[in-house]
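What follows is one structure encoded as structure tokens, with my remarks underneath.
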Amino acid sequence: MTGPGQASESGPVSGDGASSPPPAFGPVGTPYSRNGRRRRASAWRLRWLVRASVLMGVIAVILVAAPIGRPFALPVWLGGEKPDATPRLTDPSQGTSAVFAVGVAGARRAHLVATGTLPLPRAGTTGPAGYLPAVTHALAIGSPLAWSVWTDIESFGQSAWRDFVQVGRPITHRPPAVDFAREVAVLVWVVPPPGGLPAGLSGTPAPVPASVRRAPGLVLRGALLVDHIAIGLEVAPTSPDEAKPEPLASGLEGVPYALVTVPKDQWPIPPAWGTGTDPVMARFAS
């Protein structure tokens with residue numbers, strides 16, 4: 001016999017004689033331990049379902065936010081790269097000046113090797129090789145500049161330099177040395193004014209300020225990668241302090257030009273030179 005408040009073999013007894021509730025977990029194999037395992041397993045499954053639901057929601061948001069038809073990229077808030085802030089260049093068919101096609105712009109190497117004024121072929125004539133296709137293309141895209149690409153020394157020395165640049169003035173020096181095994185030459189000039197188009201062409205050339213047309217030459221301001229395969233040349237008119245206008249024979253109208261060389265390794269995809277679609281574009285620098 002034990003008195004009130006004394007311990008018994010079955011455990012402590014409260015002062016009112018009622019027994020305490022059974023422990024939540026008992027020895028292995030008892031009903032209490034099996035109920036505890038069930039509760040722990042239910043809690044683990046609930047946590048797993050919550051985490052899986054959150055993960056699926058994040059994946060759904062990424063897939064919805066990703067543009068269709070473009071390579072997948074993580075958003076910035078998940079550690080992805082920030083978008084390129086470089087402004088996109090517009091389609092040349094949509095403007096009245098020579099602008100570049102839509103593409104990724106990146107710096108490229110180019111070299112100005114000659115500048116000055118060249119005499120435009122007389123109105124109604126087709127001019128030397130390379131002149132008619134260049135002016136035709138400039139009219140088609142509304143460009144104030146025309147350009148032609150030269151890929152071999154024979155045609156460059158004769159058609160580009162002797163029959164175009166040096167016409168109407170005495171030949172006082174040889175054409176600039178161009179290593180055509182490694183680079184191409186690009187001749188850029190201002191399009192002829194209305195009434196001075198080659199024979200068979202019609203249309204209104206893009207307007208060019210008189211100050212630009214009377215400039216003593218064009219200078220290179222930059223070279224960009226356009227549309228992954230084309231080189232875009234940015235030129236600007238020179239001031240009288242940078243170059244002096246060359247004298248021309250009477251009756252010939254001169255316009256400023258720039259002769260630029262571009263290394264062939266500047267194109268990520270080797271172009272098919274001489275196909276009539278050589279990947280070069282030109283515009284006035286902004």
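The values are calculated or read from the model by the stated rules, or taken from the named source; none is laboratory data. Because the structure is predicted, anything quoted here is derived from the model rather than measured. Glycine gets a Cβ as well: all are built from the backbone with ideal geometry, and neighbour counts include every protein chain shown. Accessible surface areas use protein heavy atoms only, side chains included; no ligands, DNA or RNA. Shrake-Rupley method; radii C 1.70, N 1.55, O 1.52, S 1.80 Å.
Worth pointing out:
- Within region 160-174, one or more residues are under 32 Å from the mean Cα position of the chain (by Cα) and modelled with pLDDT of 90 or more.
To keep it simple, each residue is scored yes or no on (1) buried (at least 17 other Cβ atoms within 10 Å of the Cβ); (2) within 14 Å of VAL260 (Cβ to Cβ); (3) of a type outside the set (S, T, N, Q).
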site	(1), (2), (3)
GLY157	no, no, yes
GLY168	yes, no, yes
VAL178	yes, yes, yes
GLU183	yes, yes, yes
LEU187	yes, yes, yes
PRO198	yes, no, yes
VAL208	yes, no, yes
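- Against the conditions (1) of a type outside the set (A, V, I, L, M); (2) open to solvent by 10 Å² or more (accessible area, probe 1.4 Å); (3) in a loop (DSSP other than H, G, I, E, B), ARG283 satisfies every one except (3).
- ALA206 passes every criterion in (1) over 26 Å from the mean Cα position of the chain (by Cα); (2) in a loop (DSSP other than H, G, I, E, B) apart from (1).
- Within this structure, PHE180 passes the test of being modelled with pLDDT under 95 and touching an Asp or Glu at 6+ places or on another chain (Cβ under 6 Å).
- Region 40-78 - residue that is of a type in the set (Phe, Trp, Tyr) and modelled with pLDDT under 50 and, of those, surrounded by the fewest Cβ atoms within 10 Å (Cβ to Cβ): TRP77
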